[in-house]
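Taking it in order: structure first as structure tokens, then the write-up.
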Amino acid sequence: MANSIKKIGVLTSGGDAPGMNAAIRSVVRTCAFHQIECVGIYRGYEGMIDGDFKVLDARSVNHIINKGGTFLKSARSDRFRTKEGRKEAYDQLLKHAVDALVLIGGDGTFTGGMVFNEEYNFPVVGIPGTIDNDIVGTNFTLGYDTALNTVVEAIDKIRDTASSHKRLFFVEVMGRDVGHIALNAGVGSGAEEILVPEEDLGLDRLLESLEKSKHTGKSSSIVVVAEGDKTGKNVFELRDYVEENLEGYDVRVSVLGHMQRGGSPSCFDRVLASRMGVKAVETLIEGKNNVMVGTINNKLELYPINKAVKGHSKIDDELLRVSDIMST
Ligand code: F6P
């Protein structure tokens, strides 16, 4: 491998996701394997601007593969959105002799990296890390699988109360722009209805479906709602609407919130993170950059970063249909 890269910086940015630590570990150890220096950049682009760097060796990342969050910390940086902020960041990279960056995060992280690459021709490779799974160019982002398992476990518990008290529960899950968590965890937990940002089923259809469920003998129901759903009502308003328009419903709301982002990563996320970290470093060593490491049909593929930030990954139509059939 031709190698003009002597030092790689790694950072995590945007919302944390389980598997980020496993990805950092992989980047650090792959650097050590290829005898490249690795520096951890704390607090994402904020720390890059402030020069918050620390040299990491293979032993610095012991015992983190199983940890949620990110030990490098994360931030959303307004300063990096400015030309001045990016100049300060560039100066810090020069000062610390960093030749290339591995960026672990979502589309905001990649947008920052893409602009930085355009302005300074600075080599960057992205690793998709967000529980939302909303990045184009990869079937899975780090943290998504763990979040799904967390949500399914929570809904299983909520169902115990729902069925004991014959209640209807609206469960709000994360997903500002996309409904992947809602749809997959909804199907996985046997939800009666799933409301996602990609499709507005309409409130009438929701009432109809709940009525139908009742007539077919269901005494309790779970409706999973993505936070970005398009009914125009939040979960509390949905509760009020159903109570006003349907008789005999005892409705409760449960907002799962940030617990979905935490916790020990699943085996799937740990393995994917380990693979992506190796690929990211070796991509830079091979002289390629400005790409994201994605996984397509379980093969690692490189995807142009400027395409990865355009739009969101599509919801699975087949799974939407499965969910409809399952609520019969
Ligand atoms: O990590 C992505 C995400 O979980 C979105 O689904 C959600 O809208 C957002 O993060 C909330 O993040 P924060 O509270 O950090 O702004």
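The values are calculated or read from the model by the stated rules, or taken from the named source; none is laboratory data. All figures in this text were calculated on a predicted structure; none of them were measured in a lab. Cβ atoms come from the backbone with ideal geometry, glycine included; neighbour counts cover every protein chain shown. The protein model used for the area step is the full one, side chains on, heavy atoms only, and it has no ligands, DNA or RNA in it. Shrake-Rupley method; radii C 1.70, N 1.55, O 1.52, S 1.80 Å.
Structure values in brief
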read-out	value
Meets criteria (touching a residue at least 12 places away in the same chain (Cβ under 8 Å), open to solvent by less than 10 Å² (accessible area, probe 1.4 Å) and either in contact with a Phe, Trp or Tyr (Cβ under 6 Å, 6 or more places away or on another chain) or part of a helix (DSSP H, G or I) (or both)) for V10	no
Residue that is surrounded by the fewest Cβ atoms within 10 Å (Cβ to Cβ) [pool: residues in the range 175-189 that are more than 10 Å from the ligand (Cβ to nearest atom) and part of a loop (DSSP other than H, G, I, E, B)]	S189
Residue match in the range 190-198 (condition: more than 16 Å from the ligand (Cβ to nearest atom), surrounded by fewer than 18 Cβ atoms within 10 Å (Cβ to Cβ), in a helix (DSSP H, G or I) and not polar (S, T, N, Q))	no
Qualifying residue in the range 282-305 (condition: open to solvent by less than 80 Å² (accessible area, probe 1.4 Å), within 18 Å of the chain's Cα centre (by Cα) and of a type in the set (D, E))	no
Scope the range 141-167; condition polar (S, T, N, Q) and either more than 30 Å from P128 (Cβ to Cβ) or not in a helix (DSSP H, G or I) (or both); matching residues	T141, T161, S163, S164
Number of positions in the range 158-173 that are within 16 Å of the ligand (Cβ to nearest atom) and surrounded by 24 or more Cβ atoms within 10 Å (Cβ to Cβ)	2
Restricting the range 215-231 to residues that are in contact (Cβ under 8 Å) with a residue 12 or more places away in the chain and open to solvent by 70 Å² or more (accessible area, probe 1.4 Å), the residue that is nearest to the ligand (Cβ to nearest atom)	E227
